[in-house]
Amino acid sequence: MADEIFSVFPEIFTERLVLREIKQEDAESIYKLRSNPEVARYETFKPYTNIKQAEDTIKWFSDDYKNKKAITWGISLKESHEIIGILHCEIEIPKVRADFGYDLRPEYWNKGIMTETVKALLDFTFNKIDVYRIESAVSTQNYGSARVLEKSGFIKEGILRKRSFLGGSLHDMIFFSILKDEYFSVCE
């Protein structure tokens with residue numbers, strides 16, 4: 001099953017969103033997303049300062065997909081084709097676990113978009129890839145992302161002190177996970 005997802009890029013549709021492949025034509029949207037200091041605040045990258053950085057990032061996303069390491073979807077509203085966020089998912093093969101992270105433009109925060117996106121990822125990953133565990137880590141200061149994961153059924157496993165260098169400083173990170181049987185027991 002994992003080989004199949006890396007042969008034709010999988011699109012995911014939700015009530016309001018399309019999760020789709022990011023192409024070089026999307027460089028302006030990726031630049032708009034990643035040049036925003038609020039988006040970069042809890043990330044390993046600094047705010048982008050030129051479009052070439054966005055183009056290089058898109059190539060990196062594409063190379064990861066071709067090398068069967070990860071899938072990075074562009075998040076767009078159904079009524080528009082413009083990317084407003086990204087969802088990056090690394091998949092451990094054989095199908096043991098997936099690890100993911102995401103970015104969203106601030107004007108779309110607090111509208112349920114990331115919760116809808118994460119729930120779509122859970123459905124896709126547990127049903128199409130058949131992994132057993134999905135995990136994500138967020139800064140203890142990133143209350144919004146922690147709330148998205150909790151609303152999506154993730155369990156807080158613990159905090160790793162001074163684990164990641166984000167936005168120019170060291171951050172404690174909260175590790176979250178959800179297991180396949182937990183997901184399906186909630187869905188029943």
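The residues of the stretch 149-160 that are open to solvent by 90 Å² or more (accessible area, probe 1.4 Å) and either part of a loop (DSSP other than H, G, I, E, B) or basic (K, R) (or both), listed by number, are K151, K156. When the stretch 73-86 is examined, which residues are found to be modelled with pLDDT under 95 and either within 12 Å of K23 (Cβ to Cβ) or open to solvent by less than 10 Å² (accessible area, probe 1.4 Å) (or both)? Passing the criteria: only H81. Figure legend. Inter-residue proximity from the stretch 31-43: first residues touching a residue at least 24 places away in the same chain (Cβ under 8 Å) and closer than 14 Å to Y102 by Cα, second residues in a helix (DSSP H, G or I) and open to solvent by 40 Å² or more (accessible area, probe 1.4 Å), beta-carbon distance below 8 Å, spacing 6+ or different chains. Indicated pairs: R34/Q53. Taking the criterion of being charged (D, E, K, R), in a strand (DSSP E or B) and in contact with a helix residue (DSSP H, G or I) (Cβ under 9 Å, 6 or more places away or on another chain), the residues of the stretch 73-106 that qualify are E90, D103. Per the listing A40, A70, A54, the residue uniquely open to solvent by less than 10 Å² (accessible area, probe 1.4 Å) and touching a His at 6+ places or on another chain (Cβ under 9 Å) is A70.
Is it the case that V138 is touching a Ser or Thr at 6+ places or on another chain (Cβ under 8 Å), closer than 22 Å to V39 by Cα and part of a helix (DSSP H, G or I)?
Here the answer is no, as V138 does not meet what is asked.
Among the residues examined, F126 does not qualify as under 11 Å from the mean Cα position of the chain (by Cα), more than 17 Å from V18 (Cβ to Cβ) and touching a residue at least 24 places away in the same chain (Cβ under 8 Å). Per the listing I129, I178, the residue uniquely open to solvent by less than 20 Å² (accessible area, probe 1.4 Å), at pLDDT below 95 and of a type outside the set (K, R) is I129. Buried (at least 20 other Cβ atoms within 10 Å of the Cβ) and at pLDDT 95 or above: is that true of R34 in this structure? In short, yes. Within the stretch 120-153, the residues that satisfy the criterion of being farther than 26 Å from H171 by Cα and among the charged types (D, E, K, R) are D123, K128, D130. Inspection of the stretch 42-60 identifies no residue that is outside any loop (DSSP other than H, G, I, E, B) and at pLDDT below 95.
Could you check the stretch 1-28 and list, in sequence order, the residues that are among the aliphatic types (A, V, I, L, M) and either open to solvent by less than 90 Å² (accessible area, probe 1.4 Å) or at pLDDT 95 or above (or both)? Don't jump to the end; show me each part of the working.
Of the residues in the stretch 1-28, the ones among the aliphatic types (A, V, I, L, M) are 1-2, 5, 8, 12, 17-19, 22, 27.
Correct list: A2, I5, I12, L17, V18, L19, I22, A27.
Residues in the stretch 94-107 that are out of contact with any Ser or Thr (no Cβ under 9 Å at 6 or more places or on another chain) and open to solvent by 50 Å² or more (accessible area, probe 1.4 Å): 4 in all.
Checked across the stretch 161-177, the condition of being under 12 Å from the mean Cα position of the chain (by Cα) and part of a strand (DSSP E or B) holds for no residue.
The values are calculated or read from the model by the stated rules, or taken from the named source; none is laboratory data. Since we're looking at a predicted model, the values are computed, not measured. Because the Cβ atoms are built from the backbone with ideal geometry, glycine has one as well, and the counts that use them run over all protein chains shown. Ligands, DNA and RNA are stripped out before the accessible areas are found, and what is left, the full protein with its side chains, is counted by its heavy atoms. Shrake-Rupley method; radii C 1.70, N 1.55, O 1.52, S 1.80 Å.
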